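Chemist: Have a look at the structure that comes next, please.
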Amino acid sequence: MTTTAIPVLRAFDYAKTLEFYIDWLGGTLQWKHAPEAAPFYLEIMLRDVRIHLSEHHGDCTPGGKVLITGFQGLEAYHRELIDKGYRYMKPGLEKTPWDPDALSVTVIDPFMNRIQFTGPRG
């Protein structure tokens, strides 16, 4: 059995969560727990990265950060994001200060959580 760490990020609005993580970032919804008149909790996959999003106030606070390293095809992914025309975010593609051969794209979700993708150039 492999040990796994799964980040849990705070979210407040189910529709905005899906718009950002599924429609724009291109993640897939793995499962959800969204009973009527109760907070939602869901799992998404961004390629092979599992992220949980929770509306439960006791799980976490807004403003977390997830660092995803070794993201292959980052330049093409960045172009994909820009081409989708998401009106709330136009992330840049930047050189990383710690590795001259790596690039970085940081996105901020509607709940002030940040996801930083880093990967090799080209």
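Chemist: Surrounded by fewer than 17 Cβ atoms within 10 Å (Cβ to Cβ) and assigned to a strand (DSSP E or B): which single residue out of 101, 83 fits that description?
Modeler: 101
Chemist: Please list, ordered by first then second residue, the pairs with beta carbon atoms under 6 Å, 6 or more apart or interchain, first in the stretch 47-71 and part of a strand (DSSP E or B), second surrounded by 15 or more Cβ atoms within 10 Å (Cβ to Cβ) and not hydrophobic (A, V, I, L, M, F, W, C).
Modeler: That search, which allows pairs on different chains as well, returns 51/7; 52/43; 53/17; 54/41; 66/7; 67/116.
Chemist: Give all pairs with beta carbons closer than 9 Å in which a residue from the stretch 104-118 that is more than 14 Å from residue 8 (Cβ to Cβ) meets a residue that is part of a loop (DSSP other than H, G, I, E, B) and among the acidic types (Asp, Glu); count only pairs at least 6 apart in sequence or on separate chains.
Modeler: Once the first residue is more than 14 Å from residue 8 (Cβ to Cβ) and sits in the stretch 104-118, its partners that are part of a loop (DSSP other than H, G, I, E, B) and among the acidic types (Asp, Glu) give 110/13.
Chemist: Take the conditions exposed (fewer than 14 other Cβ atoms within 10 Å of the Cβ) and within 13 Å of the chain's Cα centre (by Cα) and apply them to residue 23. Does it pass?
Modeler: So residue 23 fits the description; yes.
Chemist: Sticking with this one: For the stretch 11-35, give me each residue that is charged (D, E, K, R) and touching a strand residue (DSSP E or B) at 6+ places or on another chain (Cβ under 6 Å).
Modeler: Once the filter is applied, which keeps residues that are charged (D, E, K, R) and touching a strand residue (DSSP E or B) at 6+ places or on another chain (Cβ under 6 Å), the stretch 11-35 yields only 32.
Only the coordinates and a few stated rules stand behind these numbers; no lab work does. Keep in mind that what you see is a predicted model, and the values were worked out from it rather than measured. Positions of Cβ are generated from backbone atoms using ideal geometry, with glycine treated the same way; all protein chains shown enter the neighbour counts.
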